[in-house]
1. How far apart, in nanometres, would the label points at residue 18 and residue 31 be if each is projected 7 angstrom from Cα along the Cα-to-Cβ direction?
2. Tally Lys/Arg at +1 and Asp/Glu at -1 over every other residue whose Cβ is under 12 Å from the Cβ of residue 100; what's the total?
3. Mind putting together the pair-distance distribution for segment 1-145? All Cα pairs, 5 Å bins, whole percent per bin, short to long.
4. Can you give the extra length, in nm with one decimal, that the chain gains between residue 162 and residue 129 once fully stretched, where that is 0.36 nm per residue apart less the Cα-Cα distance?
5. Over segment 50-181, give the accessible area per residue in Å² for a 1.4 Å probe, as an integer.
6. Ranked from highest to lowest mean number of other Cβ atoms within 10 Å per residue, what is the order of the peptides 133-146, 214-227?
7. Give the residue list of trypsin sites (Lys or Arg not before Pro) in segment 1-80 that are DSSP loop and have at most 15 other beta-carbon atoms within 10 angstrom.
8. I'd like to know which of 72, 58, 247 lies farthest towards the positive end of the charge dipole of the chain, counting +1 on Cβ of Lys and Arg and -1 on Cβ of Asp and Glu.
Amino acid sequence: MRNRSPHNPTTLARRWTTLARRTGLAVRTLLEHDGHPILAITSPAWDRDEPGDVYLSAGIHGDEPAGTEGLLAWAEAEGRTLRKLPLLILPCLNPWGLQENSRRDRSGRDLNRAWNTPAHPLVRAVKSLLDGRCVRLALTLHEDYDGQGFYLYEPTRFRPPNVWAERILKQVAPILPPDPRKRIDGRLTTAPGIIRRYLVSPSRLAPEPEALYLHYHVAERTFTFETPSEFALGVRVATQVAAIRAALTMSG
Ligand SMILES: [Zn+2]
């Protein structure tokens, strides 16, 4: 279909705006970044500050389009039930990167390493939305060009950890089995497809990703989903949808 490229941020924003209108969600432009609007979408339950907040974000790396497409496909399938959840959705945090198929933004910055830079306009704008909120579940959607299956990162403060990650992998496996690698991105997996790290206090020195900011400061549970970007787009999108659905089912 014309303009249905997964790398067209204008079409993506239009589809989200149409969906929001149809399902009763609010859309606002959080800021402009690199000449594109960054949208923030909230449900009535979020705007009323009901408990059990859910944070969903995609597209901070522009060369990982199954995240942005998967989040939209999930929301389109949910339809009006979205209204009942206290939801904050950030459908695409790096639209310029999506358009250019670039991990980084126009200035060459990896926005997923900027979360302990409080002066960064994007980081500041997202943090202002989270001020005083207590997020029950945060999902950040990514892809890996070395990926050989589905995997997730889970920073945790629970010992022993809960079994959410294992359950998400199990739900997703009929669509895409877990990545079989024992070491992913330099880190040993704790089980097939799971990179779990016990983390309780932030490092001031290391550049902070979005997920770790959420884990340390805002969210009870944080997962980063990774699909293999060399696989067919349809499978990767279906995998992201299944993983979002599995995580939300567990969070009640
Ligand atoms: Zn990424």
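1. Reported label-point gap for residue 18 and residue 31 is 3.0 nm.
2. 0
3. Bins of 5 Å from zero give 2, 10, 20, 24, 22, 14, 7, 1, 0 percent of pairs.
4. That works out to 9.1 nm of additional length.
5. That works out to 40 Å² per residue.
6. Ranking, from highest mean packing down: 214-227, 133-146.
7. Counting only loop positions with at most 15 other Cβ atoms within 10 Å, the trypsin sites (Lys or Arg not before Pro) in segment 1-80 are 2, 4, 48.
8. Farthest towards the positive end: 247.
The values are calculated or read from the model by the stated rules, or taken from the named source; none is laboratory data. Since the structure is predicted, the reported quantities are computational estimates derived from the model, not experimental observations. Note that we place each Cβ from the backbone using ideal geometry, even for glycine, and neighbour counts take in every protein chain shown. Just so you know, the surface numbers come from the protein's heavy atoms only, side chains and all, with ligands and any DNA or RNA stripped out. Shrake-Rupley method; radii C 1.70, N 1.55, O 1.52, S 1.80 Å.
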